[in-house]
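Undergrad: Got a structure for you, written out below as structure tokens; questions coming shortly.
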């Protein structure tokens with residue numbers, strides 16, 4: 001197959017969760033730029049609507065969107081059914097919903113409650129499971145699908161000075177959930193992979209990290225490239241995993257971290 005065709009997403013239908021801000025918008029725009037029809041969801045209506053309208057105008061693609069809490073099984077199921085009713089299929093799922101590691105740094109084991117631990121696991125891990133299950137049903141009907149989960153470098157390693165057991169557990173769970181789903185879903189022609197980013201700009205990191213020079217220097221020291229991630233650094237990997245270029249890749253976790261995990 002021609003290289004351009006390998007990465008062409010024309011007529012592909014892609015769900016992106018958490019698309020009202022941050023990396024969710026980066027992923028959605030990347031897929032739209034290669035021709036994908038989009039189904040976006042998030043909990044905040046106004047920014048989601050604004051972003052969807054902007055994508056329609058910029059890329060001349062179809063964009064369906066709904067306000068959805070993907071940790072709620074009934075809402076997730078209804079959303080996937082709506083996407084299927086709208087487009088007749090689901091080809092790609094980007095499970096972007098999750099908490100930032102920055103928001104988890106004040107959760108040391110001796111003080112974190114079971115309720116708060118469970119809440120973080122629900123958002124980071126349960127959302128991946130629920131959406132993979134619901135969207136996967138429709139992918140299996142056509143014996144084709146690409147599921148892309150979002151973990152973190154801190155789902156692979158731990159870091160000195162950052163005490164966040166719920167974040168480590170939930171993001172590590174995403175990595176092994178990916179492996180398990182990749183094995184189970186292979187019989188249905190579905191590839192399942194994970195992206196594990198380092199530190200990238202988001203609403204929380206812009207406030208808590210990018211404005212703190214001391215924290216910035218510390219994080220930059222953690223990887224061989226000595227810098228934080230930029231949105232462009234993630235576009236290639238999400239396109240790879242969403243396209244036919246990754247047809248022989250499944251169960252893998254790709255770290256996009258400036259080399260953080262190789263020290």
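The values are calculated or read from the model by the stated rules, or taken from the named source; none is laboratory data. Note that the structure is predicted; figures quoted are calculated from it, not measured. Cβ sites come from the backbone with ideal geometry, for glycine too, and all protein chains shown count toward neighbours.
Undergrad: Taking residue 20, is it out of contact with any helix residue (DSSP H, G or I) (no Cβ under 6 Å at 6 or more places or on another chain), in contact (Cβ under 8 Å) with a residue 24 or more places away in the chain and part of a loop (DSSP other than H, G, I, E, B)?
TA: Criteria not met by residue 20.
Undergrad: Quick check: is even one residue across segment 94-101 at pLDDT 95 or above, part of a loop (DSSP other than H, G, I, E, B) and either under 21 Å from residue 27 (Cα atoms) or under 15 Å from the mean Cα position of the chain (by Cα) (or both)?
TA: yes
Undergrad: Report yes if residue 169 is within 29 Å of residue 201 (Cα to Cα), surrounded by fewer than 18 Cβ atoms within 10 Å (Cβ to Cβ), out of contact with any strand residue (DSSP E or B) (no Cβ under 9 Å at 6 or more places or on another chain) and modelled with pLDDT under 95, otherwise no.
TA: no
Undergrad: Hey, could you check segment 127-149 for residues that are in contact with a strand residue (DSSP E or B) (Cβ under 6 Å, 6 or more places away or on another chain) and not in a helix (DSSP H, G or I) and say which is farthest from residue 261 (Cα to Cα)?
TA: Residue satisfying both the conditions and the ranking: 145.
Undergrad: Then there's this: Could you pull out every one of the helices (runs of 4 or more DSSP H) wholly within segment 172-245 that has 3 or more residues that are in contact with a strand residue (DSSP E or B) (Cβ under 7 Å, 6 or more places away or on another chain) and closer than 24 Å to residue 26 by Cα?
TA: 232-242
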